[in-house]
Amino acid sequence: MKTFLIILLAGATAALTIVVRVPIPGTGGYLNFGDIAVIFCGLFLGKKYGAIAGGVGSALADIIGGFFIFSPITLVAKGLEGFLAGLIGEMRVDGQELGKLSSRRFKGGFEGKKKIALFLLPLAGLTMVAVYFLAEWLLPGWGLAAAISELPFNIAQAFVGSYIGYIVYVLVILALPRKEEKQA
């Protein structure tokens, strides 16, 4: 079942990355919705499998989209982002993991967990930004100027992806049947 979810969510990550592309002027890069899926993968699958699904799906989108040179960089950047989102989701607050919300526990103590998660999750995205910045700076033909020009776009994508990815995660958890409902 876990393998199926990894493959399914890697495909969803690739699709979200490819379907909506907003070109970044002057660099050839683009904004996309893939970070939403990467954050969701980390929270839903955990750090190890979230890293695999988010990294592989995003790298696959680069290959399909013709950005071959960025594919290994993307695998590392998005893999780290998914790993850190999963790690943040596994952090404990009041004895409960941040990422382990259920509709039963949603009404109690969620506010504190939401604030912590919304504060920490962008750090996962900012790690992705740092990897891309270093890679673009060091890539032949790109350099520091190109890396700096993409920085504000990548930062915005990291924050938006973190927040929307978290919202999608919460909505999916709420939509899943509770254990009591499964037994009935």
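At a glance:
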| quantity | calculated |
| --- | --- |
| Residue within the stretch 22-34 that is aliphatic (A, V, I, L, M), part of a helix (DSSP H, G or I) and in contact with a helix residue (DSSP H, G or I) (Cβ under 8 Å, 6 or more places away or on another chain) present | no |
| Subset of the stretch 108-144 that is among the aromatic types (Phe, Trp, Tyr) and surrounded by 13 or more Cβ atoms within 10 Å (Cβ to Cβ) - its residue that is modelled with the lowest pLDDT | PHE110 |
| Conditions (1) surrounded by fewer than 23 Cβ atoms within 10 Å (Cβ to Cβ); (2) at pLDDT 90 or above; (3) within 21 Å of TRP137 (Cα to Cα); (4) of a type in the set (A, V, I, L, M, F, W, C); number of the one not met by LEU5 | (3) |
| Flag for SER58 being among the polar types (S, T, N, Q), part of a helix (DSSP H, G or I) and in contact (Cβ under 8 Å) with a residue 24 or more places away in the chain | yes |
| Long-range neighbours under 7 Å by Cβ, at least six apart or interchain, first residue closer than 17 Å to VAL160 by Cβ within the stretch 10-38, second among the basic types (Lys, Arg) and at pLDDT 85 or above | TYR30/ARG21; ASN32/ARG21; VAL38/LYS78 |
| The stretch 22-51 - residue that is aliphatic (A, V, I, L, M) and more than 19 Å from VAL168 (Cβ to Cβ) and, of those, nearest to the chain's Cα centre (by Cα) | VAL22 |
| Contacts under 6 angstrom Cβ, first residue in the stretch 64-81 being among the basic types (Lys, Arg), partner surrounded by 16 or more Cβ atoms within 10 Å (Cβ to Cβ), 6 or more apart | LYS78/VAL38; LYS78/GLY54; LYS78/GLY55; LYS78/SER58 |
| Conditions (1) at pLDDT below 95; (2) over 19 Å from GLY165 (Cβ atoms): number failed by LEU101 | (2) |
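The values are calculated or read from the model by the stated rules, or taken from the named source; none is laboratory data. A quick note: this is a predicted structure, and the numbers were derived from the prediction, not measured. A quick note on method: Cβ atoms are made from the backbone with ideal geometry, for glycine too, and the neighbour counts reach across all protein chains shown.
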